[in-house]
Amino acid sequence: MEWLDNVTYWQWWVAALILVIFEVFSPGAFFLWLGVAAGVVGLVLLAVPDLGWEAQFLMFAIFSVASIVLWHRVLKRRPIETDQPRLNRRGEQYVDRVFTLEEPIVNGHGKIKVDDSTWKITGSDCAAGTRVKVIGVDGVVLNVEVV
C-alpha cells in the first residue's frame with residue numbers, strides 16, 4: 001500500500017473525470033456526485049499536499065455522502081418540472097378519457113380495450129356498450145365511472 005502515500009491532486013481529478021464519464025452511461029445521478037466529491041478532494045489536496053491517504057479517503061467518503069444527500073434535498077424542494085408529467089405512467093395517460101365498454105362490468109370488475117391493449121377496470125356494474133370515464137389508476141387497474 002506504499003503507492004497510496006503518493007496520491008496527488010491530479011489523480012483525484014482523473015478519478016473525478018472517470019466517475020463523470022460513468023455517469024453518462026448509467027441511469028440516475030449517482031456517479032456525478034461521486035465525481036464532484038473526488039474533484040473536491042483533489043482541490044483540497046492541491047491546497048494541502050501533505051495530507052495522508054487515510055484523510056483523503058475519509059474526505060472522499062464524507063463529500064460523497066454529503067453531495068448525494070444535498071442533491072436529494074434540493075430535488076425534494078424543487079422537483080423537476082416537465083411538460084409531460086404522465087410520461088412512463090401509461091395508466092395515468094388514460095385518466096379523463098372516455099371509452100365504450102365491449103364487455104360488461106360484473107361484480108365491480110371488467111376489462112376494457114384501450115388503443116392496442118386490454119386493461120382491467122373497476123367500477124359500478126354496467127352493461128356492454130356503456131360509456132365510461134377513467135377517473136384514476138390503481139397499479140395496473142383503471143378505475144372508471146359511468147358517463
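The values are calculated or read from the model by the stated rules, or taken from the named source; none is laboratory data. Note that the structure is a prediction, hence the values are computed from the model and not measured. Glycine also receives a Cβ, built like all others from the backbone with ideal geometry; neighbour counts cover every protein chain displayed.
Computed quantities for the displayed model
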item: Selection count where residues are surrounded by 15 or more Cβ atoms within 10 Å (Cβ to Cβ) and under 22 Å from Asn6 (Cβ atoms), scope the stretch 17-33; result: 1
item: Qualifying residue in the stretch 37-48 (condition: modelled with pLDDT under 90 and exposed (fewer than 14 other Cβ atoms within 10 Å of the Cβ)); result: no
item: Count of residues meeting criterion [under 24 Å from His72 (Cβ atoms), outside any helix (DSSP H, G or I) and in contact (Cβ under 8 Å) with a residue 24 or more places away in the chain] in the stretch 1-52; result: 2
item: Qualifying residue in the stretch 49-72 (condition: outside the structural domain of Gly35 (by TED's automatic domain parsing), over 34 Å from the mean Cα position of the chain (by Cα) and exposed (fewer than 13 other Cβ atoms within 10 Å of the Cβ)); result: no
item: Residue ID - nearest to the chain's Cα centre (by Cα), chosen from residues in the stretch 116-147 that are surrounded by 16 or more Cβ atoms within 10 Å (Cβ to Cβ) and not in a strand (DSSP E or B); result: Gly123
